[in-house]
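The values are calculated or read from the model by the stated rules, or taken from the named source; none is laboratory data. Note that the structure is a prediction, hence the values are computed from the model and not measured. So basically every Cβ, Gly included, is an ideal-geometry build from the backbone, and we count neighbours across all protein chains shown.
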Amino acid sequence: MLLGLIAQAYSQASLDMSAGFVAQTYNKVQIPNQEGTAFDLYKDFQIQGPVLYYSLKLGYSFREKNHLFLLYAPLSVNYEGDAPFDIRFQNTTFLQGQNVNAHYKFNSYRVTYRRDVYSSEKWLLGIGVTAKIRDAEIRLTEADKSDKKDDFGFVPLLNIYAEYNLHNWALFFEGDGLAGGPGRAFDLYLGGKVPVNDRLIIKAAYRMVEGGADVPAVYNFTMLHFANLGLIIKL
């Protein structure tokens, strides 16, 4: 009973569910780097159908100013079109004019710890760190040939959060990001949220994801734009 009372007084859990549409600016690929053919999945092929996505984030707040988040955010995009030129990808060459199906996967798993460093009647500011696991794949398929490149790895990121309250709704900005070395990664949100009651919040946001890697095995940089609607449920 004592542990339960302490948990109620000093901790709070939440479930953040989001979904929406995805658009792209570019998706540049060269695999392997240097030896492969440079092409752009978005500009050289056509996206198949509207691209939808969703994400789930479980939050846990404790001792008022400390927050822990677990995020699952899968993403999958399909492309199709005639190869505009010969494309050497991995160990396979896809000839100009041949119909190619392409698949781009970028699933993200994250653990974030953030601490509030400033709070007032209107403002809330927090900083933290994120441990991100990326599960990525690019695959090209022709009638009688197929090749793919997998990329599974760990990325450390910095996390920032800012919120400005306006009576019964709030503006917020949240970002994970880091640049330097062989690549960069940025995942930024800008939006608003409105409480429905003490346990339910509706939110809408624009999300931008940009980044990639420039290493001997892989060159891939992409920019994605998300129209985001979601619910935050206090458990």
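Assorted remarks:
- Checking each residue in the range 66-105 for being in contact (Cβ under 8 Å) with a residue 60 or more places away in the chain and either among the basic types (Lys, Arg) or farther than 22 Å from Asp187 by Cα (or both) picks out Phe89, Ala102.
- Note on the range 197-217: residues that are exposed (fewer than 13 other Cβ atoms within 10 Å of the Cβ) and either assigned to a loop (DSSP other than H, G, I, E, B) or among the polar types (S, T, N, Q) (or both) amount to 5.
- Any chance Arg184 is farther than 21 Å from Gly20 by Cβ, assigned to a strand (DSSP E or B), under 14 Å from the mean Cα position of the chain (by Cα) and of a type outside the set (A, V, I, L, M, F, W, C): yes
- Condition met for Gly81 (at positive phi and of a type outside the set (D, E, K, R)): yes
- Scanning the range 143-161 for residues that are among the hydrophobic types (A, V, I, L, M, F, W, C), surrounded by 15 or more Cβ atoms within 10 Å (Cβ to Cβ) and more than 30 Å from Ile87 (Cα to Cα) yields a total of 2.
- Some residue of the range 49-62 being under 23 Å from Met208 (Cα atoms), over 17 Å from the mean Cα position of the chain (by Cα) and modelled with pLDDT under 95: yes
- Qualifying residue in the range 139-155 (condition: touching a His at 6+ places or on another chain (Cβ under 7 Å) and of a type outside the set (Val, Ile, Thr)): yes
- Answer residue from the range 131-164, given it is among the acidic types (Asp, Glu) and part of a loop (DSSP other than H, G, I, E, B) and is nearest to the chain's Cα centre (by Cα) among those: Glu142
- When residues of the range 223-235 are limited to those that are touching a Leu at 6+ places or on another chain (Cβ under 8 Å) and of a type outside the set (D, E, K, R), the one surrounded by the fewest Cβ atoms within 10 Å (Cβ to Cβ): Leu235
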